[in-house]
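Below is one structure, written out as structure tokens; comments come after it.
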Amino acid sequence: MLIIGLTGSIGMGKSETAAMFRRLGVPVFDADAVVHELYDTGGAAVAPVAAQFPDAVRDDRIDRQKLATLVLNDTEAIAVLEDIVHPLVRRREIRFLENARTAGKDIVVLDIPLLFESGGEGRVDKIVVVSAPQPVQRARVLARPGMTEAKYDAIVGKQMPDREKRERADYVVDTSVSLDDAFAQVSRIVAQLRGQTQL
């Protein structure tokens, strides 16, 4: 089973690209969606995160926006949070891979926003980076509710530069033209990888 790592900086169109892999019958593990579940009521991360960041708790769940303001410019706090959340996400990822192997899947995607930053490239066979020109990225992110220039700059400043991600990728999906164009790129990647898995 071939494991693809899907990554890209904020605003590059990674979620849309992940959906395209799903349309082509490739199972996708969405690390960000898992974090949402872990932070929701009854989630495994609620109690340990609340113990470290009590101000982030709202109605028995973790308020992600509030948590972000508490840790955004504090590398020590980010490290504490990652020590709690990353092992929980990794456990779910392992279960996803086991289930996919049992189901006889030929290719799967691990959608991991900080794949390079977290040292996750060693867990995948191929890396797909989703990219767009910087002005497109900036416009997309600043259009999000609650986003500010300062917050955007802080987030981007903590991520590996897009140019470096593209250099380290096996494939790059350019999302700046259209959804149809991006889907054609993803289709070509899957066709090529499926050819490799049948060798």
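Here are the numbers:
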read-out	value
In region 52-69, the residues that are in a helix (DSSP H, G or I) and either in contact with a Leu (Cβ under 9 Å, 6 or more places away or on another chain) or of a type in the set (S, T, N, Q) (or both)	Q52, D55, A56, Q65, L67, T69
Subset tally (residues that are assigned to a strand (DSSP E or B) and among the aromatic types (F, W, Y)) for region 168-185	1
Residue selected from region 1-24 under the condition of a type in the set (G, A, S) and either in the same structural domain as K66 (by TED's automatic domain parsing) or assigned to a helix (DSSP H, G or I) (or both), by the criterion modelled with the lowest pLDDT	S15
Verdict on R188 being assigned by TED's automatic domain parsing to the domain that holds S9, over 18 Å from V109 (Cα atoms), among the basic types (K, R) and assigned to a helix (DSSP H, G or I)	no
Pairs where the first residue, in region 147-167, is under 15 Å from E117 (Cβ atoms) and the second is at pLDDT below 90 and assigned to a loop (DSSP other than H, G, I, E, B), C-beta under 6 Å, 6+ apart	A154/L72; M160/E117
A31, sole failed condition from (1) within 21 Å of L97 (Cβ to Cβ); (2) surrounded by 16 or more Cβ atoms within 10 Å (Cβ to Cβ); (3) without any contact (Cβ under 8 Å) to a residue 12 or more places away in the chain	(3)
Output for region 166-189, where each listed residue is touching a strand residue (DSSP E or B) at 6+ places or on another chain (Cβ under 7 Å) and β-branched (V, I, T)	V172, V173, T175, V186, I189
Selection within region 1-28 - surrounded by 21 or more Cβ atoms within 10 Å (Cβ to Cβ) and not aliphatic (A, V, I, L, M)	G5, T7, G8, S9, G11, G13, K14, T17, F21
N73 more than 21 Å from V173 (Cα to Cα), more than 19 Å from the chain's Cα centre (by Cα) and touching a residue at least 40 places away in the same chain (Cβ under 8 Å)	yes
Output for region 34-56, where each listed residue is surrounded by 18 or more Cβ atoms within 10 Å (Cβ to Cβ) and without any contact (Cβ under 8 Å) to a residue 40 or more places away in the chain	Y39, G43, V46, V49, F53, A56
Some residue of region 43-65 being outside the structural domain of V128 (by TED's automatic domain parsing) and at positive phi	yes
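The values are calculated or read from the model by the stated rules, or taken from the named source; none is laboratory data. None of the values given here were measured: they were computed from a predicted structure. Here Cβ is always computed from backbone atoms with ideal geometry, including for glycine, and neighbour counts include all displayed protein chains.
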